[in-house]
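Novice: Sharing a structure below in structure tokens format, with a few things to ask.
Derivation of every value follows stated rules applied to the coordinates shown; laboratory data play no part. Just so it is clear, the model here is predicted, and its values are computed rather than measured. Glycine also receives a Cβ, built like all others from the backbone with ideal geometry; neighbour counts cover every protein chain displayed.
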């Protein structure tokens, strides 16, 4: 990943490196703050200091630059397109109209629901409460006698979004791309613990046996394979390999048995 | 696995095949019923019909011949030793004294516990109730005023065990051995879905990507690797490999992008 360290920027300051311009199908790290245009409310962001300033910091979130494969819908496509041609370190404000974001607000998605139905679920029917009815999420907009009005539109429906986005780095080598994808899916695993190589159309990813103890690692593997096939376009398949060496105690057992056999 | 089908037995009936005698370090399937000598109570068994006859059938158990690597303590070592030299189809009654089974009964493991302590855990202090105190499992043997006497010995401590054991089959090929080990750890995965091969000191085990959706499959893999290193003594390492081919929808995406690039 280039451009993340100041030193590297200095070294290359005289000549613009090709890898410092975001390409179509590129893999980049970005920081962003997403706000609604209407009222400036932040709905998503990667910057810890902004989250704290605005009083929306959540200590269960991890605030760090987000990995984005351009054109793969890891962000809104309209936002990804705008990144192409940007330089590392460059910032931009991108406005995304509702039709390219959460879609228009659909009046048919505003429905009347009986209070009794919500009370059965243990939800008290008051304005602003979030509810789930028939697997659809909504928000109560009005309380009317025995019923409430629920808006099942996405909270961002009908809204123009404004992103302040900064390109933090470009991942350019194939192996670096695979490593970035692994890091995205298993952030807790130190980088020196895994290894990737490409042989013909096959990407081999070696994960350490310690990775077996990471919760849901088998689903992370599915994601790693899928992401790898997206960012390495010439790859036909991904093989995830976990190696288990013979442990010391089984080596001893083996030797003991061989000794016993020799004695017979 | 030989000896499981009657046809095979008929074919080989004239001459005793080597693979029909259980060897040291062999891998075999056995059926058994384990009883305490004292009162004939069954504490473990693999036979569904016996379980039903004796009224101890449990529909959460899977009754089927058990895979045993001789000398690896998958059963009591004293019982495993007795299997060596037996023929496929042969049955035997094996008596195991307490010192080779659950050990002697230790009077120091009988302790007084306050009723209040048990009641805090929601256990009613009555004779015969199973309790757990400080991670040790025990059984209440007496109720005395404010306290109860709890025996923390294993229920089989001090008891001689009697096993009726039958050798159901011998797994003789290396690949068959690995397949048997996989089946033991992931019984739900059809045999034609996985594959094993040996190259030098490395055993390669290919699991299908569908296996990722099996609960706790990552722990099953640790077990498969460990068991394989036990039954394949010349193996230095086991590599578990899961292959993810490029899915159809990503193939289309790739072609579309290439087309777009060509048009430019």
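Novice: What's the FRET efficiency of residue B:157 with residue B:213 using the Cβ-Cβ distance as r and R₀ = 45 Å, to the nearest 0.05?
Specialist: That pair, residue B:157 with residue B:213, gives E of 0.60.
Novice: I want to verify the translational diffusion coefficient of the stretch A:107-151 in µm²/s; compute it with Stokes-Einstein, Rh as the Kirkwood radius over Cα pairs, at 10 °C and 1.306 mPa s.
Specialist: 156 µm²/s
Novice: Label point 7 Å out from residue A:39 along Cα-to-Cβ: which residues of the stretch A:111-149 have amide N under 17 Å?
Specialist: Hits in the stretch A:111-149 for residue A:39 at 17 Å: A:127-131, A:138-143.
Novice: What distance in nm lies between label points placed 7 Å from Cα along the C-beta direction at residue B:139 and residue A:144?
Specialist: 6.8 nm
Novice: Still on this structure, I have one more. Under a plain spin-label model, where a point goes 7 Å from the Cα along Cα-to-Cβ, how far apart in nm are residue A:195 and residue B:111?
Specialist: Label-label distance for residue A:195 and residue B:111, simple model: 4.9 nm.
Novice: What average count of beta carbons from other chains do you get within 10 Å of the Cβ of residues in A:224-231?
Specialist: For peptide A:224-231, the averaged partner shielding equals 3.
Novice: Let me confirm one metric for peptide B:204-216, namely the mean number of other chain beta-carbon atoms within 10 Å of its residues' beta-carbons.
Specialist: Averaged over the peptide's residues, the number is 2.
Novice: Let me ask you something else. In terms of the Cα gyration tensor, with a ≥ b ≥ c the square roots of its eigenvalues, is the stretch A:163-238 rounded because a/c is under 1.5, prolate because a/b exceeds b/c, or oblate?
Specialist: oblate
Novice: Here's something else I'd like to know. Relative to the first principal axis of the alpha-carbon coordinates of chain B, what is the inclination of helix B:174-185, with its axis defined by its Cα atoms, in degrees from 0 to 90 and to the nearest 10?
Specialist: Tilt relative to chain B: about 60 degrees.
Novice: Now a separate question. Under a 10 Å cutoff between Cα atoms, tell me which one of A:103, A:85, A:188 has the largest fluctuation in the Gaussian network model of chain A.
Specialist: A:188
Novice: Now for a separate question. Sum -39500 (n - 2.57) across every DSSP H segment of at least 4 residues in chain B, then divide by the residue count to get the 222 nm mean residue ellipticity, nearest 500.
Specialist: Helix contribution divided over all residues of chain B: -7500 deg cm²/dmol.
Novice: Name the shape class, rounded, prolate or oblate, that the alpha-carbon gyration tensor gives for chain B, where a ≥ b ≥ c are the square roots of its eigenvalues, rounded holds for a/c under 1.5, and otherwise prolate holds if a/b is larger than b/c and oblate otherwise.
Specialist: Since a/c reaches 1.5 but b/c is at least a/b, the shape of chain B is classed as oblate.
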